[in-house]
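K.L.:
Sending over a structure as structure tokens; questions will come in a sec.
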Amino acid sequence: MADINSWLEGQVSALLGMPFFAEEKAEFRDAAKALVEQGQAAGYTVEQIKDACDGDVETYLMDRQNSMTNAAMQDMIADDR
């Protein structure tokens, strides 16, 4: 079984799609549920998954989405220069 952080990185990249800024963690309820289910199927406990997500899977995904969106915007700005 892979290290949970390595596993999580791959799963999050697959779950998050188009860049957009999110303001409500509820926007990630379905993605969080899918992530936990995939984690359990991979042999991780819900507690391990939550711990790897700093205790809140929805907030973790929202923060990752916003970080990804910010990075994409910075790349676009740099390309325009």
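No lab work stands behind these numbers, since they all come straight from the coordinates. Remember, predicted model here, so these are calculated numbers, not experimental data. Don't worry about glycine lacking a Cβ; one is built from the backbone with ideal geometry, like all the others, and counts go over all protein chains shown.
K.L.:
Can you list the chymotrypsin sites (Phe, Trp or Tyr not before Pro) in the chain that are in a DSSP coil and have 11 or fewer other beta carbons within 10 angstrom?
P.N.:
Details: sites: Trp7, Phe20, Phe21, Phe28, Tyr44, Tyr60; in loops: Phe20, Phe21, Tyr44.
For chymotrypsin sites (Phe, Trp or Tyr not before Pro) across the chain that sit outside H, G, I, E and B with at most 11 neighbouring Cβ atoms in 10 Å, the list reads Phe21.
K.L.:
Name the residue farthest towards the positive end of the dipole of the chain from the options Ala22, Met76, Gln40, assuming +1 on Cβ of Lys and Arg, -1 on Cβ of Asp and Glu, about the Cα centre.
P.N.:
Selected residue: Gln40.
K.L.:
Okay, moving on. Taking the Cα centre of the chain as origin, work out the dipole magnitude from +1 charges on Lys and Arg Cβ and -1 charges on Asp and Glu Cβ, in debye rounded to 20. Mind showing how you got there, number by number?
P.N.:
Values: 6 positive and 16 negative charges, 28 e Å.
I would put it at about 140 debye.
K.L.:
What percent does the relative contact order of the chain come to when contacts are Cα pairs within less than 8 Å and at least six residues apart? Please list the in-between numbers first.
P.N.:
On the way: 58 pairs, mean separation 32.6, N = 81.
With pairs under 8 Å counted, the relative contact order is 40 percent.
K.L.:
Then there's this: Out of the GluC sites (Glu not before Pro) in the chain, which ones are loop residues according to DSSP with at most 14 other C-beta atoms within 10 Å?
P.N.:
Working: sites: Glu9, Glu23, Glu24, Glu27, Glu37, Glu47, Glu58; in loops: Glu23, Glu24.
When the GluC sites (Glu not before Pro) of the chain are filtered for loop state and at most 14 Cβ neighbours within 10 Å, Glu23, Glu24 remain.
K.L.:
Could you give me D for the range 40-81, from Stokes-Einstein at 10 °C and 1.306 mPa s, where the hydrodynamic radius is the Kirkwood radius over C-alpha pairs? Units µm² s⁻¹, please.
P.N.:
Values: Rh = 12.1 Å.
Rounded, D is 132 µm²/s.
K.L.:
Across 5 Å bins from 0, what is the distribution of all Cα-Cα pair distances for the chain, in whole percents?
P.N.:
Going out from 0 Å in 5 Å bins, the chain shows 3, 15, 25, 23, 14, 9, 5, 3, 1, 0 percent.
K.L.:
So what is the 222 nm mean residue ellipticity for the chain from helices alone, if each DSSP H run of at least 4 adds -39500 (n - 2.57) and you divide by all residues, rounding to the nearest 500 deg cm²/dmol? Kindly include the intermediate steps, with their values, before the conclusion.
P.N.:
Values: 4 runs with 56 residues, N = 81.
My calculation for the chain gives -22500 deg cm²/dmol from helical runs alone.
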